[in-house]
Amino acid sequence: MAKIFCARSVSENVGEAEKLKEKTNPRTLRKVVIVIINVSVALLHFINFERYQGPWHVFVTGYLFDILLPFALYFLLCLPESTTFRLQWHWKVALIVGFGTCVELSQMAGFPIFGSTFDPLDILAYTGGAAIALAVDKLVLSRCFRFWRIQP
């Protein structure tokens, strides 16, 4: 009995291998995780938390997004792949907390940026969000996913 060979050329097989390699590329998988994190936080904005009446009402209506937005921003800062723009973890946290502090100080000075009410606890929430993101980055994602640690 004659064997039936695939009619594909070698270049077509190599092309498919490259596509598969791109799908499982650690950098691509890392981007997918970062996009999922940020889309999840973005989708939460569609829920009207101002009418929330459940447990921890003050926390959910006042501070939840002050924690989630810096959390998401931390992972956005993980996206750059070139070593020129890749920030070390302490610079990411400093940038996020510094930006949040500037926003709050501008509100205190009467310049409403991203809100109009100064609340010093917001700065603590920004710091907490960045710290939680750092912990998830270093203690969870890097241990759960082999692709998370990208070597320069």
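The values are calculated or read from the model by the stated rules, or taken from the named source; none is laboratory data. On a predicted model such as this, the values are computed, not experimentally measured, just so you know. Note that each Cβ is placed from the backbone with ideal geometry, even for glycine, and that neighbours are counted across all protein chains shown.
With respect to the conditions (1) assigned to a helix (DSSP H, G or I); (2) over 18 Å from the mean Cα position of the chain (by Cα); (3) among the β-branched types (Val, Ile, Thr), ILE47 falls short on a single one, namely (1). Among the residues making up the range 115-152, those that are farther than 29 Å from ARG30 by Cβ and not hydrophobic (A, V, I, L, M, F, W, C) are GLY115, SER116, THR117, ASP119, PRO120, ASP122. All conditions but one from (1) assigned to a helix (DSSP H, G or I); (2) touching a residue at least 40 places away in the same chain (Cβ under 8 Å); (3) surrounded by 15 or more Cβ atoms within 10 Å (Cβ to Cβ); (4) not charged (D, E, K, R) apply to ILE37; the one that does not is (2).
For the range 115-148, name all the residues that are free of Cβ contacts under 8 Å to residues at least 24 places away in the same chain and not in a helix (DSSP H, G or I). Passing the criteria: GLY115, SER116, THR117, PHE118.
Screening PRO112, PRO80 for residues that are over 22 Å from LYS31 (Cβ atoms) and not in a helix (DSSP H, G or I) leaves exactly one candidate, PRO112. Identify all residues within the range 1-52 that are modelled with pLDDT of 60 or more and of a type in the set (Phe, Trp, Tyr); write none if there are none. Those that are modelled with pLDDT of 60 or more and of a type in the set (Phe, Trp, Tyr): PHE46, PHE49, TYR52.
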